[in-house]
Amino acid sequence: MFDNVSYDGHEQVLHVQDTHSGLRAIVALHSTSLGPAGGGCRLWSYKDPRAALVDALRLSRGMSYKNALAGLKMGGGKAVVLGPVPADARLAVFEALGDAVDRLGGRYVTAEDVGVTVGDMKVVASRTKYVSGLSGEGGAGGDPSPYTAKGVRMAMEAVALHRLDAPALEGLRIAVQGLGGVGGNLCRELAERGASLIVADVDTERVERICDEYHAERTDVETVLLSDADIVAPCALGGVLSEDVVPKLRARAVVGGANNQLLSSAAGRMLFDRQITYAPDYLVNAGGIIMVAAEYFGTNSEERVHADIERIFDRTVEVLTRSRQYGLPADVVADQMAADAIARART
Ligand code: NAI
């Protein structure tokens, strides 16, 4: 395990098995230097347990960086449940997961991620208090995607002002790939501010709805990122910025909500060399975790959560300024800033 390429000095990696429910899970705690390791629980059918371990290691490190850069008092962690989970075992599986989280005594705080619902987290919450993303009674909470979309819009405003010489988003052409929770809410945010939209999704009903509501122009899922737009916003899949795609981009900036947009660091370098502004994904898409953390710590008044998300504007400016100053790609600068914040907390 210590030779695994995705192992990055993780503090603790727990393999969980519960023979009664059939639960098999891996909980990876990358760092608790800044606070309890925060990060969602993913349910996925991996090709083998090794792939699940790699995912847990990479995702938990990503959460450490995201939480550090967002200024949260949270470290980074992630749980992955090895699927498939039969429908009649789901309740027992998430109860057993709750027990496993509870045994960590607060070093890990879980929430929803891909394949896991608010209902599943309510089951986890019946066994442990170290869980968030439940309801938001009395403040911000529940579905994080509108909060994530707001953060993406703040980062776009920063990029527009500082790199595109545009005082606002009004009149800019913005292409959005993926119109789910994040992409759909982002279209609303952008349309409200007078941007014109080009959109694509594999789900044609979603495309219809967004085109109707916001007078968006539709395009193909294969070419949406290559649109003749000011900004492109990947809000579906990771790995979309490859060394093949970057040379074909026509936009002046990439600012989107999807996780892990860069397929390689070489693609990040190519963006920089082509003078296409890239706002690092985990900086831009932190709105959801900012809300989830506030819900956990009980500081989730709507006003305060929105003010915290609005700080993504200044952080984006800071990363882009340093990128230019040091002659380094923005993703490298963001990684360094996050790693420094974690190291400072450790010492
Ligand atoms: P979602 O599942 O609600 O939406 C994803 C959308 O992408 C769906 O409409 C789907 O049909 C579409 N899609 C799938 N493949 C596509 C393709 N090849 N081309 C175009 N569209 C395609 O997911 P959600 O929550 O909106 O998340 C989107 C991305 O943002 C993911 O990468 C997720 O990890 C990331 N993210 C989400 C956060 C949240 O608060 N929901 C927080 C941080 C990151």
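The values are calculated or read from the model by the stated rules, or taken from the named source; none is laboratory data. Since the structure is predicted, the reported quantities are computational estimates derived from the model, not experimental observations. Cβ placement follows ideal geometry from the backbone for every residue including glycine, while neighbour counts extend to all protein chains displayed.
Could you list all residues from the stretch 280-328 that are hydrophobic (A, V, I, L, M, F, W, C) and touching an Asp or Glu at 6+ places or on another chain (Cβ under 8 Å)?
Residues satisfying the conditions are Ile290, Ala294, Phe313.
Evaluate the stretch 212-222: report whether one residue or more is farther than 24 Å from Ser323 by Cα and free of Cβ contacts under 8 Å to residues at least 12 places away in the same chain.
Yes - at least one qualifying residue is present in the stretch 212-222.
What tally of residues in the stretch 125-158 results from selecting those that are among the hydroxyl-bearing types (Ser, Thr, Tyr), part of a helix (DSSP H, G or I) and over 17 Å from Ala307 (Cβ atoms)?
The qualifying residues number 1.
State which residue pairs qualify: first residue under 14 Å from Gly133 (Cβ atoms) and in a helix (DSSP H, G or I) and inside the stretch 275-304, second residue within 10 Å of the ligand (Cβ to nearest atom) and of a type in the set (Lys, Arg) in any location, beta carbons under 7 Å apart, and separation of 6 or more residues or different chains.
Hits for this filter: Ile289/Lys66.
Name the residues in the stretch 113-127 that are more than 15 Å from the ligand (Cβ to nearest atom) and in contact with a strand residue (DSSP E or B) (Cβ under 8 Å, 6 or more places away or on another chain), would you?
Residues satisfying the conditions are Asp120, Val124, Ala125.
Pull up the stretch 143-187, narrow it to residues that are surrounded by fewer than 17 Cβ atoms within 10 Å (Cβ to Cβ) and more than 21 Å from Ile276 (Cα to Cα), then point me to the one that is modelled with the lowest pLDDT.
Asp143
Can you report the number of residues in the stretch 94-119 which are modelled with pLDDT under 95 and not hydrophobic (A, V, I, L, M, F, W, C)?
Residues meeting the conditions: 5.
Can you find a residue that is more than 12 Å from the ligand (Cβ to nearest atom), assigned to a loop (DSSP other than H, G, I, E, B), acidic (Asp, Glu) and within 20 Å of Val317 (Cβ to Cβ) anywhere in the stretch 163-173?
yes
Please identify the pairs in which a residue from the stretch 168-188 that is at positive phi has its Cβ atom under 6 Å from the Cβ atom of a residue that is within 11 Å of the ligand (Cβ to nearest atom) and not hydrophobic (A, V, I, L, M, F, W, C), counting only partners at least 6 apart or on another chain.
Correct list of pairs: Gly178/Asp201.
List every residue pair whose Cβ atoms lie under 6 Å apart, where the two residues are 6 or more positions apart in sequence or sit on different chains, the first residue falls within the stretch 318-347 and is in contact (Cβ under 8 Å) with a residue 12 or more places away in the chain, and the second residue, located anywhere, is assigned to a helix (DSSP H, G or I) and among the aromatic types (Phe, Trp, Tyr).
Pairs found: Pro329/Phe272; Ala338/Tyr65.
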